[in-house]
Amino acid sequence: RRWPLIIDPQGQANKWIKNLERDNKLSTIKLTDSSFLRTIENAIRYGTPVLLENVEESLDPALDPLLQKNLVKRGGQYQIRLGDSDIPYNTDFKFYITSKMPNPHYLPEICIKVTVINFTVTPMGLEDQLLVEVVRVERPDLEELKDKLIVQIADDKKQLQDLEDKILKLIADASDILGDEELINTLDASKATS
């Protein structure tokens, strides 16, 4: 199971999580806190929940091992590498992430590491969530295909951006635009790719 990333512009999810975990020593942190990694390390070690609030559209790369649950079993105990240290992993640990942004656009690399939950309550939003859930249950093959297409589209956009940057650099550096064979080949590749 993946950790939840909750879109929560009204703060309803924050209140619900704080109420749910109030007896379990919930730690509430932000990415801007200077000691947020230390707080997460302690929570992992002692099996207490953590609420990471107010994230934007990108997450700190130091959280990747935690988001991907890269656990290693050493001496009969699970450990996770966070930062530059191995931390004993307590299975009671829980991690919640919330965003106050009303309509964030997360990169596919983030979406495949977390479960995005939209706490914004609108009739259309509820309909979309229900449709996604029905497709996931009824046709998991379509859900998997959708995830692959999202990643492929992001890769294609990046490739086009790289080609555009290369073309602009070649044009800026070229003394004879029509005679520059590398520039013409790059333009052809760009046309074929798009």
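Can you give the net charge of the other residues whose Cβ lies under 12 Å from the Cβ of Lys148, counting K and R as +1 and D and E as -1?
Local charge sum for Lys148: -4.
Would you compute, for the Cα atoms of segment 17-116, the largest minus smallest coordinate along each principal axis and list the three values in descending order, in whole Å?
Taking the Cα atoms of segment 17-116, the three principal extents are 44, 32, 25 Å.
For segment 14-75, state the semi-axes of the equivalent ellipsoid (square roots of 5 times the eigenvalues of the alpha-carbon gyration tensor), sorted largest first and rounded to whole angstrom.
After scaling each eigenvalue by five and taking roots: 20, 17, 11 Å.
Working from the pairwise distances between different alpha carbons, so that the mean of 1/r is found and then inverted, what is segment 79-194's Kirkwood radius in Å?
Values: mean 1/r = 0.0527 Å⁻¹.
One over the average 1/r among Cα pairs gives 19.0 Å for segment 79-194.
Please work out the Cα center distance from segment 97-127 to segment 52-84, rounded to the nearest Å.
What the calculation gives is 21 Å, centre to centre.
Can you give me the distance in nm between label points at Ala174 and Val135, each placed 7 Å from the Cα along the Cα-to-Cβ direction?
Label at Ala174, label at Val135, 4.1 nm between them.
Over the chain, what is the percentage of antiparallel beta bridges among all DSSP beta bridges, to the nearest 5?
Within the chain, antiparallel bridges account for around 35 percent of the total.
Would you kindly derive the ³J(HN,Hα) couplings of segment 20-37 from the backbone phi angles with the Karplus curve 6.51 cos²θ - 1.76 cosθ + 1.60 (θ = phi - 60°), listing them in order in whole Hz, with x for Gly and Pro?
Going residue by residue, I get 4, 9, 4, 8, 10, 6, 4, 9, 10, 9, 10, 4, 7, 5, 5, 10, 5, 5 Hz, with x marking Gly and Pro.
DSSP loop (so not H, G, I, E, B), at most 12 other Cβ within 10 Å: list which GluC sites (Glu not before Pro) in segment 122-155 pass both filters.
The qualifying sites: there are none.
What full-extension length gain, to one decimal in nm, is calculated for Val116 and Glu181 as 0.36 nm per residue of separation minus the Cα-Cα distance?
18.7 nm
Taking the alpha-carbon set of the chain, what are its Rg and Dmax in Å?
Considering the chain through its Cα atoms, Rg and Dmax are 22.0, 73 Å.
Can you give the calculated 222 nm mean residue ellipticity of the chain, where each DSSP H run of n ≥ 4 adds -39,500 (n - 2.57) and the sum is split over every residue, rounded to the nearest 500 deg cm²/dmol?
Mean residue ellipticity at 222 nm (helix-derived): -15000 deg cm²/dmol.
Label-point separation (nm) for Lys146 and Ser85, each offset 7 Å from Cα along Cα-to-Cβ?
Roughly 4.1 nm, to one decimal.
I want to make sure I understand the PRE zone here: with the label point 7 angstrom from the Cα of Leu126 toward its beta carbon, which residues in segment 91-118 have backbone N atoms less than 18 Å away?
What the label zone holds, given the 18 Å backbone N cut-off, is 117-118.
Go through 166-174, 98-106 and give me the packing order, highest mean Cβ count within 10 Å leading.
98-106, 166-174
Quick one: dipole size for the chain, taken about the Cα centre, charges +1 on Lys/Arg Cβ and -1 on Asp/Glu Cβ, in debye to the nearest 20.
Details: 25 positive and 33 negative charges, 287 e Å.
It works out to roughly 1380 debye.
Where a number appears in this text, it was derived from the coordinates with a stated rule and is not lab data. These figures come from a predicted structure and were not determined experimentally. Here the Cβ is made from the backbone with ideal geometry for all residues, glycine too, and neighbour counts use every protein chain on show.
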